[in-house]
1. Enter the angle in degrees (range 0 to 90, nearest 10) between the Cα long axis of helix 53-80 and the first principal axis of the Cα atoms of the chain, meaning the one along which they spread out most.
2. With contacts defined as alpha carbon pairs under 8 Å and 6 or more residues apart, what's the relative contact order of the chain in percent?
3. Heavy-atom accessible area of residue 51 with all protein chains present, probe 1.4 Å, nearest 10 Å²?
4. With the full set of protein chains in place, find how many percent of the accessible area of the chain is carbon and sulfur; take the probe as 1.4 Å.
5. With a/c under 1.5 counting as rounded, go ahead and sort the range 34-93 into rounded, prolate or oblate using the C-alpha gyration tensor (a ≥ b ≥ c being the square roots of the eigenvalues; past the cut-off, prolate if a/b is larger than b/c, else oblate).
6. On a 0 to 90° scale, report how tilted helix 16-32 is relative to the longest principal axis of the chain, with both axes built from alpha carbons and the result rounded to the nearest 10.
7. Run the 1.4 Å probe and let me know the accessible area of residue 130, rounded to the nearest 10 Å².
8. Answer rounded, prolate or oblate for the chain, using the Cα gyration tensor with square roots of eigenvalues a ≥ b ≥ c: rounded when a/c is under 1.5, else prolate when a/b is larger than b/c, else oblate.
Amino acid sequence: MRPQDKINEHHPRNSPVHMMCWMNFWTSLCYLAYLFGFSSTGYDLISFLLRHPDAARDVLLFCLCGAFGQLFIFLTIKSFGSLTNTLVCTTRKFFNILISVVVNGNPLLPMQWVAVFMVFIGLITSTLIKSKSRYKYKKA
């Protein structure tokens, strides 16, 4: 069982937002310790953003979009489990690659096509295995 699934099983009343906020809290503490405690990168970043307000706006929008996307990730984990979330994310990335190749004309090397095919086979296989296990569960 995945750690996220264990947490959800042990704390069933916690919402996805609650889990997301605590994960981001602890991650932020680690990043802040590194950025300002072990290096000067944090100070350089703040200095850069103060000199370039357009970049600061872009960073803020990027963070807001990331937080909005995280809501869906944690909602999927809470509702369907971490394995389904992994499958959804892999499928999304797979179709992003295919759309990029078809729409933008980005070429793939032969070995990259092999990797795309392997991902496709993996998605089909995991879907079939999952559907068979649901069928057995319903039948029993």
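The values are calculated or read from the model by the stated rules, or taken from the named source; none is laboratory data. Quick caveat: nothing in here was measured; it's all calculated off a predicted structure. Virtual Cβ from ideal backbone geometry, glycine too; neighbours counted across all protein chains shown. Just so you know, the surface numbers come from the protein's heavy atoms only, side chains and all, with ligands and any DNA or RNA stripped out. Shrake-Rupley method; radii C 1.70, N 1.55, O 1.52, S 1.80 Å.
1. 30
2. On the way: 46 pairs, mean separation 36.8, N = 140.
Relative CO of the chain lands at 26 percent.
3. Here the residue's solvent-accessible area equals roughly 150 Å².
4. Ligands and nucleic acids excluded, carbon and sulfur reach 72 percent.
5. Values: a/c = 3.52, a/b = 2.22, b/c = 1.58.
Since a/c reaches 1.5 and a/b is larger than b/c, the shape of the range 34-93 is classed as prolate.
6. On a 0 to 90 degree scale, this one is about 40.
7. Spelled out: residue 130, probe radius 1.4 Å, area about 60 Å².
8. Values: a/c = 2.69, a/b = 1.33, b/c = 2.03.
It is oblate, given that a/c is not under 1.5 and a/b is not larger than b/c.
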